[in-house]
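The values are calculated or read from the model by the stated rules, or taken from the named source; none is laboratory data. Just so it is clear, the model here is predicted, and its values are computed rather than measured. Ideal geometry is used to build each Cβ from the backbone, glycine not excepted, and the neighbour counts take in all protein chains shown.
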Amino acid sequence: MQPSRPWKQRLTGSMLGQLQLATYAAVLLGFTAATSTGLWLSERTRLQVGEAELRAGSESLAFCLVAHGGEGEDVIRRELQDHSSVRTQLWLEQPDGSVLSPERSHLPLPEGLLQTAMAANSTRTPGQAHVIEVSGRDYLTLLDRKLNSGALLWSSTEITGLGRSQTEFLGWMILIWGSCLGGSLALVTLLVRRITKPLQDLSDRSAELTADGLKSAALPVPTGPLELTRLTRTYNALIERLAWSWSQQRQFVSAVSHELQTPLTLVSGSLKRVMRKAPDLDPALMQRLQDAQDETTDMQQLLNDLLDLSRSDSGRLQVKEEAVPLQPLIETIVRVQEPAYGRTIEVQGINDQASLVALADASRLHQVLVNLVENAHKYSPPDQPIQLTLGRVAEGLQLEVIDHGIGIPSTDQPHIFERFHRGSNTGGYSGSGLGLSVVKLLVEAMGGSITVASEPGMGSRFRILLQSA
(Lines give C-alpha, C1' and ligand atoms only; values in the text may rest on other atoms or scores of the structure.)
Protein backbone atom coordinates (compact mmCIF):
# COMPACT_ATOMS: atom_id res chain seq x y z
CA MET A 1 0.00 0.00 0.00
CA GLN A 2 1.42 3.38 -1.00
CA PRO A 3 1.96 5.80 1.92
CA SER A 4 -0.29 8.83 1.95
CA ARG A 5 1.30 12.09 0.84
CA PRO A 6 -0.91 14.99 1.95
CA TRP A 7 1.63 17.55 0.71
CA LYS A 8 1.52 16.03 -2.77
CA GLN A 9 -2.27 15.99 -2.71
CA ARG A 10 -2.35 19.66 -1.71
CA LEU A 11 0.06 20.62 -4.50
CA THR A 12 -1.33 18.56 -7.37
CA GLY A 13 -4.83 17.62 -6.23
CA SER A 14 -6.37 21.09 -6.28
CA MET A 15 -6.51 24.03 -8.63
CA LEU A 16 -4.98 26.26 -5.95
CA GLY A 17 -2.04 23.90 -5.51
CA GLN A 18 -1.51 23.54 -9.25
CA LEU A 19 -1.59 27.31 -9.78
CA GLN A 20 0.85 27.85 -6.94
CA LEU A 21 3.15 25.09 -8.18
CA ALA A 22 3.13 26.40 -11.75
CA THR A 23 3.74 29.97 -10.61
CA TYR A 24 6.50 28.92 -8.24
CA ALA A 25 8.19 27.00 -11.05
CA ALA A 26 7.87 29.96 -13.43
CA VAL A 27 9.27 32.41 -10.87
CA LEU A 28 12.10 30.04 -9.93
CA LEU A 29 13.04 29.41 -13.55
CA GLY A 30 12.82 33.13 -14.34
CA PHE A 31 15.07 34.17 -11.48
CA THR A 32 17.50 31.34 -12.18
CA ALA A 33 17.68 32.21 -15.88
CA ALA A 34 18.11 35.92 -15.13
CA THR A 35 20.84 35.26 -12.57
CA SER A 36 22.68 32.79 -14.80
CA THR A 37 22.48 35.17 -17.76
CA GLY A 38 23.75 38.05 -15.62
CA LEU A 39 26.68 36.01 -14.36
CA TRP A 40 27.56 34.83 -17.87
CA LEU A 41 27.41 38.36 -19.26
CA SER A 42 29.53 39.64 -16.38
CA GLU A 43 32.19 36.98 -16.97
CA ARG A 44 32.13 37.62 -20.69
CA THR A 45 32.47 41.38 -20.20
CA ARG A 46 35.34 40.83 -17.78
CA LEU A 47 37.26 38.77 -20.32
CA GLN A 48 36.44 41.13 -23.18
CA VAL A 49 37.69 44.14 -21.20
CA GLY A 50 40.89 42.31 -20.25
CA GLU A 51 41.47 41.15 -23.82
CA ALA A 52 40.89 44.69 -25.14
CA GLU A 53 43.50 46.03 -22.71
CA LEU A 54 45.98 43.39 -23.82
CA ARG A 55 45.40 44.16 -27.50
CA ALA A 56 45.83 47.89 -26.88
CA GLY A 57 49.12 47.32 -25.05
CA SER A 58 50.35 44.94 -27.74
CA GLU A 59 49.38 47.41 -30.47
CA SER A 60 51.34 50.18 -28.76
CA LEU A 61 54.38 47.96 -28.27
CA ALA A 62 54.32 46.77 -31.87
CA PHE A 63 54.18 50.37 -33.09
CA CYS A 64 57.19 51.32 -30.95
CA LEU A 65 59.18 48.31 -32.10
CA VAL A 66 58.53 49.21 -35.72
CA ALA A 67 59.55 52.81 -35.01
CA HIS A 68 62.86 51.73 -33.49
CA GLY A 69 63.47 49.33 -36.35
CA GLY A 70 64.77 46.55 -34.17
CA GLU A 71 67.83 48.33 -32.61
CA GLY A 72 68.87 45.39 -30.48
CA GLU A 73 67.72 43.35 -27.56
CA ASP A 74 68.39 46.10 -25.02
CA VAL A 75 66.02 48.44 -26.80
CA ILE A 76 63.42 45.71 -27.13
CA ARG A 77 63.68 44.81 -23.42
CA ARG A 78 63.35 48.48 -22.50
CA GLU A 79 60.20 48.79 -24.60
CA LEU A 80 58.81 45.60 -23.09
CA GLN A 81 59.51 47.00 -19.63
CA ASP A 82 57.94 50.36 -20.47
CA HIS A 83 54.73 48.73 -21.76
CA SER A 84 54.50 46.19 -18.95
CA SER A 85 53.26 46.75 -15.41
CA VAL A 86 52.90 44.85 -12.19
CA ARG A 87 49.61 43.39 -13.46
CA THR A 88 50.30 43.23 -17.21
CA GLN A 89 53.32 41.66 -18.87
CA LEU A 90 54.44 41.58 -22.52
CA TRP A 91 57.18 39.44 -24.05
CA LEU A 92 58.50 38.22 -27.38
CA GLU A 93 59.06 34.68 -28.51
CA GLN A 94 61.89 34.68 -31.06
CA PRO A 95 61.86 32.40 -34.12
CA ASP A 96 64.57 30.29 -32.51
CA GLY A 97 62.35 29.73 -29.45
CA SER A 98 64.17 32.09 -27.12
CA VAL A 99 62.13 34.55 -25.05
CA LEU A 100 62.71 38.27 -24.58
CA SER A 101 60.94 39.58 -21.46
CA PRO A 102 61.19 42.58 -19.12
CA GLU A 103 63.87 42.48 -16.48
CA ARG A 104 62.59 40.54 -13.48
CA SER A 105 64.22 42.96 -11.04
CA HIS A 106 61.81 45.65 -12.14
CA LEU A 107 58.80 43.52 -12.95
CA PRO A 108 58.85 40.26 -11.00
CA LEU A 109 57.04 37.57 -12.98
CA PRO A 110 55.43 34.52 -11.38
CA GLU A 111 57.50 31.40 -11.92
CA GLY A 112 56.28 29.50 -14.98
CA LEU A 113 53.90 32.20 -16.23
CA LEU A 114 55.48 32.57 -19.69
CA GLN A 115 55.84 28.83 -20.23
CA THR A 116 52.27 28.10 -19.13
CA ALA A 117 50.89 30.89 -21.32
CA MET A 118 52.73 29.67 -24.42
CA ALA A 119 51.78 26.07 -23.70
CA ALA A 120 48.11 27.06 -23.65
CA ASN A 121 48.41 28.10 -27.33
CA SER A 122 50.53 25.26 -28.58
CA THR A 123 49.52 25.88 -32.21
CA ARG A 124 50.74 29.47 -31.96
CA THR A 125 47.58 30.87 -33.50
CA PRO A 126 47.59 34.69 -33.35
CA GLY A 127 44.50 36.38 -31.85
CA GLN A 128 43.66 33.57 -29.40
CA ALA A 129 43.18 34.38 -25.70
CA HIS A 130 43.30 31.85 -22.86
CA VAL A 131 42.68 31.87 -19.12
CA ILE A 132 45.40 30.09 -17.15
CA GLU A 133 46.23 29.56 -13.49
CA VAL A 134 49.74 30.04 -12.14
CA SER A 135 50.71 29.87 -8.46
CA GLY A 136 47.08 30.09 -7.42
CA ARG A 137 46.38 33.20 -9.50
CA ASP A 138 44.32 33.60 -12.68
CA TYR A 139 45.78 35.21 -15.81
CA LEU A 140 44.38 36.11 -19.20
CA THR A 141 47.00 35.50 -21.92
CA LEU A 142 46.95 36.58 -25.56
CA LEU A 143 49.12 35.79 -28.58
CA ASP A 144 48.49 39.08 -30.31
CA ARG A 145 50.45 38.88 -33.57
CA LYS A 146 53.48 37.72 -35.45
CA LEU A 147 55.95 40.54 -36.15
CA ASN A 148 57.81 41.04 -39.45
CA SER A 149 60.91 39.67 -37.79
CA GLY A 150 59.07 36.41 -37.18
CA ALA A 151 58.85 36.98 -33.43
CA LEU A 152 55.56 36.32 -31.65
CA LEU A 153 54.16 39.08 -29.43
CA TRP A 154 52.62 37.73 -26.22
CA SER A 155 50.83 39.55 -23.42
CA SER A 156 49.28 38.57 -20.10
CA THR A 157 47.27 40.29 -17.38
CA GLU A 158 46.25 39.11 -13.95
CA ILE A 159 42.51 38.76 -13.45
CA THR A 160 42.50 37.25 -9.96
CA GLY A 161 41.15 40.44 -8.42
CA LEU A 162 38.43 40.55 -11.03
CA GLY A 163 37.62 36.94 -10.20
CA ARG A 164 37.29 37.83 -6.54
CA SER A 165 35.01 40.70 -7.48
CA GLN A 166 33.07 38.24 -9.56
CA THR A 167 32.76 35.93 -6.56
CA GLU A 168 31.53 38.80 -4.41
CA PHE A 169 29.12 39.75 -7.17
CA LEU A 170 27.90 36.17 -7.28
CA GLY A 171 27.35 36.19 -3.51
CA TRP A 172 25.36 39.41 -3.69
CA MET A 173 23.40 38.07 -6.64
CA ILE A 174 22.50 34.92 -4.71
CA LEU A 175 21.44 37.00 -1.71
CA ILE A 176 19.37 39.35 -3.83
CA TRP A 177 18.02 36.43 -5.85
CA GLY A 178 16.96 34.56 -2.72
CA SER A 179 15.31 37.64 -1.19
CA CYS A 180 13.46 38.52 -4.38
CA LEU A 181 12.45 34.89 -4.88
CA GLY A 182 11.08 34.62 -1.34
CA GLY A 183 9.17 37.88 -1.70
CA SER A 184 7.85 36.88 -5.10
CA LEU A 185 6.69 33.48 -3.87
CA ALA A 186 4.92 35.08 -0.89
CA LEU A 187 3.25 37.61 -3.18
CA VAL A 188 2.28 34.89 -5.65
CA THR A 189 0.78 32.80 -2.85
CA LEU A 190 -1.37 35.72 -1.68
CA LEU A 191 -2.48 36.57 -5.21
CA VAL A 192 -3.30 32.97 -6.15
CA ARG A 193 -5.27 32.44 -2.95
CA ARG A 194 -7.13 35.68 -3.51
CA ILE A 195 -7.93 34.72 -7.10
CA THR A 196 -9.12 31.23 -6.17
CA LYS A 197 -10.98 32.25 -2.99
CA PRO A 198 -14.32 32.58 -4.85
CA LEU A 199 -13.85 29.02 -6.11
CA GLN A 200 -13.13 27.80 -2.57
CA ASP A 201 -16.19 29.65 -1.27
CA LEU A 202 -18.27 28.13 -4.04
CA SER A 203 -16.99 24.65 -3.19
CA ASP A 204 -17.61 25.10 0.55
CA ARG A 205 -21.08 26.52 0.01
CA SER A 206 -21.98 23.68 -2.39
CA ALA A 207 -20.77 21.07 0.11
CA GLU A 208 -22.97 22.59 2.84
CA LEU A 209 -25.98 23.02 0.57
CA THR A 210 -29.28 21.66 1.89
CA ALA A 211 -32.85 21.98 0.76
CA ASP A 212 -33.67 24.23 3.72
CA GLY A 213 -30.75 26.56 3.01
CA LEU A 214 -31.33 27.15 -0.69
CA LYS A 215 -32.72 30.65 -0.21
CA SER A 216 -29.62 31.82 1.65
CA ALA A 217 -27.07 29.89 -0.41
CA ALA A 218 -26.39 32.61 -2.99
CA LEU A 219 -22.85 33.99 -3.14
CA PRO A 220 -21.84 37.64 -3.57
CA VAL A 221 -20.58 38.25 -7.10
CA PRO A 222 -16.80 38.86 -6.93
CA THR A 223 -15.08 41.76 -8.66
CA GLY A 224 -12.22 39.53 -9.78
CA PRO A 225 -11.64 37.70 -13.06
CA LEU A 226 -14.49 37.56 -15.56
CA GLU A 227 -14.57 33.74 -15.49
CA LEU A 228 -15.16 33.68 -11.72
CA THR A 229 -17.84 36.34 -12.02
CA ARG A 230 -19.67 34.29 -14.65
CA LEU A 231 -19.33 31.10 -12.62
CA THR A 232 -20.71 32.77 -9.48
CA ARG A 233 -23.66 34.23 -11.37
CA THR A 234 -24.38 30.84 -12.95
CA TYR A 235 -24.23 29.21 -9.50
CA ASN A 236 -26.60 31.80 -8.04
CA ALA A 237 -29.02 31.32 -10.93
CA LEU A 238 -28.91 27.55 -10.39
CA ILE A 239 -29.57 27.98 -6.66
CA GLU A 240 -32.51 30.25 -7.44
CA ARG A 241 -34.02 27.67 -9.81
CA LEU A 242 -33.47 24.88 -7.28
CA ALA A 243 -35.12 26.93 -4.53
CA TRP A 244 -38.12 27.63 -6.74
CA SER A 245 -38.36 23.98 -7.80
CA TRP A 246 -38.07 22.78 -4.20
CA SER A 247 -40.77 25.22 -3.11
CA GLN A 248 -43.08 24.03 -5.87
CA GLN A 249 -42.41 20.41 -4.92
CA ARG A 250 -43.25 21.07 -1.28
CA GLN A 251 -46.46 22.82 -2.19
CA PHE A 252 -47.42 20.00 -4.54
CA VAL A 253 -46.75 17.26 -1.99
CA SER A 254 -48.62 19.13 0.73
CA ALA A 255 -51.59 19.87 -1.52
CA VAL A 256 -51.83 16.32 -2.90
CA SER A 257 -51.53 14.78 0.57
CA HIS A 258 -54.32 16.95 1.92
CA GLU A 259 -56.56 16.39 -1.09
CA LEU A 260 -56.18 12.60 -0.99
CA GLN A 261 -56.71 12.19 2.73
CA THR A 262 -60.47 12.73 2.61
CA PRO A 263 -61.28 10.30 -0.25
CA LEU A 264 -58.99 7.66 1.23
CA THR A 265 -60.71 8.01 4.59
CA LEU A 266 -64.08 7.57 2.88
CA VAL A 267 -62.85 4.52 0.95
CA SER A 268 -61.40 2.94 4.09
CA GLY A 269 -64.58 3.55 6.05
CA SER A 270 -66.75 2.13 3.27
CA LEU A 271 -64.64 -1.02 3.01
CA LYS A 272 -64.82 -1.58 6.75
CA ARG A 273 -68.61 -1.17 6.78
CA VAL A 274 -69.04 -3.59 3.86
CA MET A 275 -66.89 -6.26 5.54
CA ARG A 276 -68.63 -5.74 8.88
CA LYS A 277 -72.22 -5.81 7.57
CA ALA A 278 -71.75 -8.62 5.07
CA PRO A 279 -69.81 -11.35 6.90
CA ASP A 280 -71.30 -14.10 4.73
CA LEU A 281 -69.76 -12.82 1.48
CA ASP A 282 -67.88 -15.20 -0.72
CA PRO A 283 -64.43 -15.84 0.86
CA ALA A 284 -62.64 -14.84 -2.33
CA LEU A 285 -64.57 -11.56 -2.46
CA MET A 286 -63.94 -10.98 1.23
CA GLN A 287 -60.20 -11.48 0.66
CA ARG A 288 -60.25 -8.93 -2.14
CA LEU A 289 -62.00 -6.45 0.13
CA GLN A 290 -59.38 -7.10 2.81
CA ASP A 291 -56.59 -6.56 0.26
CA ALA A 292 -58.19 -3.28 -0.77
CA GLN A 293 -58.44 -2.26 2.89
CA ASP A 294 -54.75 -3.10 3.45
CA GLU A 295 -53.69 -1.08 0.41
CA THR A 296 -55.84 1.83 1.55
CA THR A 297 -54.22 1.69 4.99
CA ASP A 298 -50.75 1.68 3.39
CA MET A 299 -51.72 4.64 1.23
CA GLN A 300 -53.00 6.53 4.27
CA GLN A 301 -49.71 5.84 6.06
CA LEU A 302 -47.78 7.08 3.02
CA LEU A 303 -49.83 10.28 2.94
CA ASN A 304 -49.27 10.81 6.66
CA ASP A 305 -45.52 10.37 6.15
CA LEU A 306 -45.56 12.83 3.26
CA LEU A 307 -47.49 15.32 5.36
CA ASP A 308 -45.00 15.03 8.22
CA LEU A 309 -42.09 15.56 5.84
CA SER A 310 -43.85 18.48 4.19
CA ARG A 311 -44.59 20.10 7.56
CA SER A 312 -40.99 19.62 8.61
CA ASP A 313 -39.66 21.18 5.41
CA SER A 314 -41.89 24.20 5.85
CA GLY A 315 -41.21 24.51 9.59
CA ARG A 316 -44.80 23.61 10.56
CA LEU A 317 -44.15 20.23 12.19
CA GLN A 318 -45.65 20.38 15.67
CA VAL A 319 -43.98 18.31 18.39
CA LYS A 320 -44.93 18.71 22.04
CA GLU A 321 -42.48 18.48 24.91
CA GLU A 322 -44.03 16.54 27.78
CA ALA A 323 -43.23 13.83 30.28
CA VAL A 324 -44.05 10.47 28.69
CA PRO A 325 -43.99 7.31 30.88
CA LEU A 326 -42.54 4.61 28.67
CA GLN A 327 -44.05 1.54 30.34
CA PRO A 328 -47.74 2.20 29.50
CA LEU A 329 -46.77 3.33 26.01
CA ILE A 330 -44.89 0.08 25.35
CA GLU A 331 -47.69 -2.02 26.87
CA THR A 332 -50.22 -0.38 24.54
CA ILE A 333 -48.09 -1.06 21.49
CA VAL A 334 -47.56 -4.71 22.46
CA ARG A 335 -51.25 -5.22 23.22
CA VAL A 336 -52.34 -3.84 19.84
CA GLN A 337 -49.57 -5.07 17.57
CA GLU A 338 -49.13 -8.65 18.81
CA PRO A 339 -52.57 -9.85 17.62
CA ALA A 340 -52.37 -7.68 14.51
CA TYR A 341 -49.08 -9.23 13.41
CA GLY A 342 -49.63 -12.68 14.93
CA ARG A 343 -46.16 -12.79 16.46
CA THR A 344 -44.57 -12.38 19.88
CA ILE A 345 -43.24 -9.00 20.96
CA GLU A 346 -40.88 -9.36 23.92
CA VAL A 347 -40.20 -6.46 26.28
CA GLN A 348 -36.86 -6.47 28.08
CA GLY A 349 -35.03 -4.02 30.30
CA ILE A 350 -34.69 -2.88 33.89
CA ASN A 351 -37.13 -4.12 36.50
CA ASP A 352 -38.38 -0.70 37.53
CA GLN A 353 -39.73 0.28 34.11
CA ALA A 354 -42.31 2.55 35.70
CA SER A 355 -39.53 5.00 36.58
CA LEU A 356 -38.60 5.51 32.93
CA VAL A 357 -40.14 8.82 31.89
CA ALA A 358 -38.95 10.47 28.67
CA LEU A 359 -39.16 14.09 27.61
CA ALA A 360 -40.99 13.66 24.30
CA ASP A 361 -44.30 13.88 22.43
CA ALA A 362 -46.43 10.86 23.39
CA SER A 363 -48.28 10.55 20.07
CA ARG A 364 -45.13 11.08 18.01
CA LEU A 365 -43.14 8.58 20.08
CA HIS A 366 -45.99 6.10 19.66
CA GLN A 367 -45.82 6.70 15.89
CA VAL A 368 -42.05 6.12 15.88
CA LEU A 369 -42.23 2.84 17.79
CA VAL A 370 -45.15 1.53 15.72
CA ASN A 371 -43.22 2.28 12.53
CA LEU A 372 -40.14 0.44 13.82
CA VAL A 373 -42.18 -2.54 15.02
CA GLU A 374 -43.99 -2.68 11.67
CA ASN A 375 -40.63 -2.52 9.91
CA ALA A 376 -39.32 -5.39 12.04
CA HIS A 377 -42.44 -7.44 11.33
CA LYS A 378 -42.21 -6.84 7.58
CA TYR A 379 -38.61 -8.03 7.23
CA SER A 380 -38.57 -10.90 9.78
CA PRO A 381 -39.66 -14.56 9.49
CA PRO A 382 -43.10 -15.14 11.11
CA ASP A 383 -41.70 -17.44 13.81
CA GLN A 384 -39.14 -14.92 15.07
CA PRO A 385 -40.07 -12.58 17.95
CA ILE A 386 -39.60 -8.83 17.97
CA GLN A 387 -37.78 -7.47 21.00
CA LEU A 388 -38.25 -4.09 22.70
CA THR A 389 -35.66 -3.11 25.29
CA LEU A 390 -35.77 -0.19 27.73
CA GLY A 391 -33.04 1.19 29.93
CA ARG A 392 -31.03 4.08 31.27
CA VAL A 393 -27.72 5.18 29.79
CA ALA A 394 -25.41 8.11 30.40
CA GLU A 395 -27.07 10.10 27.62
CA GLY A 396 -30.61 9.59 28.97
CA LEU A 397 -33.15 6.87 28.15
CA GLN A 398 -32.61 4.17 25.57
CA LEU A 399 -35.21 2.23 23.57
CA GLU A 400 -34.25 -0.54 21.16
CA VAL A 401 -36.32 -2.38 18.57
CA ILE A 402 -34.61 -5.65 17.62
CA ASP A 403 -35.56 -8.11 14.90
CA HIS A 404 -34.00 -11.27 13.50
CA GLY A 405 -34.82 -10.69 9.87
CA ILE A 406 -32.97 -10.09 6.62
CA GLY A 407 -30.78 -7.32 8.00
CA ILE A 408 -29.38 -4.31 6.17
CA PRO A 409 -26.31 -4.50 3.89
CA SER A 410 -23.39 -2.37 5.09
CA THR A 411 -23.51 -0.30 1.91
CA ASP A 412 -27.12 0.68 2.64
CA GLN A 413 -26.75 1.50 6.33
CA PRO A 414 -25.35 5.06 5.86
CA HIS A 415 -28.40 5.89 3.69
CA ILE A 416 -31.13 3.93 5.46
CA PHE A 417 -32.72 7.08 6.96
CA GLU A 418 -32.75 9.00 3.68
CA ARG A 419 -36.02 9.70 1.94
CA PHE A 420 -37.20 7.08 -0.55
CA HIS A 421 -34.12 4.93 0.09
CA ARG A 422 -34.76 1.21 0.26
CA GLY A 423 -32.26 -1.52 1.02
CA SER A 424 -30.79 -3.42 -1.88
CA ASN A 425 -32.14 -6.69 -0.40
CA THR A 426 -35.77 -5.51 -0.04
CA GLY A 427 -36.87 -6.00 -3.63
CA GLY A 428 -39.54 -8.56 -2.73
CA TYR A 429 -41.11 -6.42 0.00
CA SER A 430 -43.60 -3.58 -0.29
CA GLY A 431 -42.75 -0.13 1.00
CA SER A 432 -42.25 3.51 0.04
CA GLY A 433 -38.86 4.19 1.59
CA LEU A 434 -40.28 6.99 3.75
CA GLY A 435 -40.94 5.22 7.06
CA LEU A 436 -37.43 5.38 8.50
CA SER A 437 -36.85 8.93 7.28
CA VAL A 438 -40.00 10.00 9.14
CA VAL A 439 -38.83 8.06 12.22
CA LYS A 440 -35.51 9.91 12.22
CA LEU A 441 -37.27 13.23 11.62
CA LEU A 442 -39.62 12.76 14.59
CA VAL A 443 -36.94 11.44 16.96
CA GLU A 444 -34.67 14.40 16.25
CA ALA A 445 -37.62 16.80 16.55
CA MET A 446 -38.09 15.43 20.10
CA GLY A 447 -34.44 16.16 20.87
CA GLY A 448 -33.27 12.56 20.53
CA SER A 449 -31.22 10.48 18.13
CA ILE A 450 -31.54 7.15 16.36
CA THR A 451 -28.90 4.75 15.05
CA VAL A 452 -28.93 1.30 13.49
CA ALA A 453 -26.67 -1.72 13.79
CA SER A 454 -27.35 -4.56 11.40
CA GLU A 455 -25.85 -7.61 9.78
CA PRO A 456 -27.37 -9.22 6.67
CA GLY A 457 -29.18 -12.43 7.53
CA MET A 458 -28.95 -11.80 11.28
CA GLY A 459 -31.34 -8.91 11.85
CA SER A 460 -31.26 -5.26 12.84
CA ARG A 461 -31.12 -3.23 16.05
CA PHE A 462 -32.59 0.29 16.01
CA ARG A 463 -31.46 2.32 19.02
CA ILE A 464 -33.31 5.47 20.16
CA LEU A 465 -31.88 7.88 22.72
CA LEU A 466 -34.26 10.33 24.42
CA GLN A 467 -33.90 12.89 27.15
CA SER A 468 -35.06 11.86 30.59
CA ALA A 469 -37.85 13.97 32.08
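Table for the structure above
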| item | result |
| --- | --- |
| Any hit, the range 395-418, residues being closer than 16 Å to LEU306 by Cα and either more than 35 Å from the chain's Cα centre (by Cα) or touching a residue at least 12 places away in the same chain (Cβ under 8 Å) (or both) | yes |
| Subset of the range 269-293 that is more than 21 Å from ALA340 (Cα to Cα) and of a type in the set (Asp, Glu) - its residue that is modelled with the highest pLDDT | ASP282 |
| Counted residues, the range 112-162 - those being closer than 22 Å to SER98 by Cβ and out of contact with any helix residue (DSSP H, G or I) (no Cβ under 7 Å at 6 or more places or on another chain) | 23 |
| Tally, over the range 375-402, of residues that are of a type in the set (Ser, Thr, Tyr) and closer than 26 Å to GLY428 by Cβ | 2 |
| Members of the range 169-210 found to be within 21 Å of PRO225 (Cβ to Cβ) and β-branched (Val, Ile, Thr), listed by number | VAL188, THR189, VAL192, ILE195, THR196 |
| GLY342 vs. criteria on the phi > 0 side of the Ramachandran plot and either in contact with a Ser or Thr (Cβ under 9 Å, 6 or more places away or on another chain) or among the acidic types (Asp, Glu) (or both) | no |
| Any hit, the range 296-307, residues being surrounded by fewer than 16 Cβ atoms within 10 Å (Cβ to Cβ) and either more than 51 Å from the chain's Cα centre (by Cα) or at pLDDT 80 or above (or both) | no |
| Top-ranked residue in the range 237-257 [being surrounded by 13 or more Cβ atoms within 10 Å (Cβ to Cβ) and not hydrophobic (A, V, I, L, M, F, W, C); ranked as nearest to ARG288 (Cα to Cα)] | SER257 |
| Test result for GLY431, under 14 Å from ARG461 (Cβ atoms) and in contact with a helix residue (DSSP H, G or I) (Cβ under 8 Å, 6 or more places away or on another chain) | no |
| Within the range 123-148, tally of residues that are of a type outside the set (D, E, K, R) and surrounded by fewer than 13 Cβ atoms within 10 Å (Cβ to Cβ) | 7 |
| Condition met for LEU329 (assigned by TED's automatic domain parsing to the domain that holds SER247, at pLDDT 75 or above and in a helix (DSSP H, G or I)) | no |
| Members of the range 67-95 that are assigned to a helix (DSSP H, G or I) and either in contact with a His (Cβ under 8 Å, 6 or more places away or on another chain) or in contact (Cβ under 8 Å) with a residue 24 or more places away in the chain (or both) | GLU73, VAL75, ILE76, ARG77, GLU79, GLN81, HIS83 |
| Test: residue in the range 437-447 that is modelled with pLDDT under 90 and in contact with a His (Cβ under 6 Å, 6 or more places away or on another chain) | no |
| Unmet criterion (only one of (1) touching a Ser or Thr at 6+ places or on another chain (Cβ under 8 Å); (2) crowded, with 17+ Cβ neighbours inside 10 Å) for LEU390 | (1) |
| Failed item in (1) modelled with pLDDT under 80; (2) in contact with a helix residue (DSSP H, G or I) (Cβ under 8 Å, 6 or more places away or on another chain); (3) closer than 30 Å to LEU399 by Cα; (4) part of a helix (DSSP H, G or I), with ARG250 passing the rest | (3) |
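For every residue, the table says whether it meets (1) closer than 22 Å to LYS440 by Cβ; (2) crowded, with 17+ Cβ neighbours inside 10 Å; (3) of a type in the set (A, V, I, L, M, F, W, C).
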{"residue": "LEU326", "(1), (2), (3)": "yes, yes, yes"}
{"residue": "ILE330", "(1), (2), (3)": "yes, yes, yes"}
{"residue": "ALA340", "(1), (2), (3)": "no, no, yes"}
{"residue": "THR344", "(1), (2), (3)": "no, no, no"}
{"residue": "ALA358", "(1), (2), (3)": "yes, yes, yes"}
{"residue": "ALA376", "(1), (2), (3)": "yes, yes, yes"}
{"residue": "ASP383", "(1), (2), (3)": "no, no, no"}
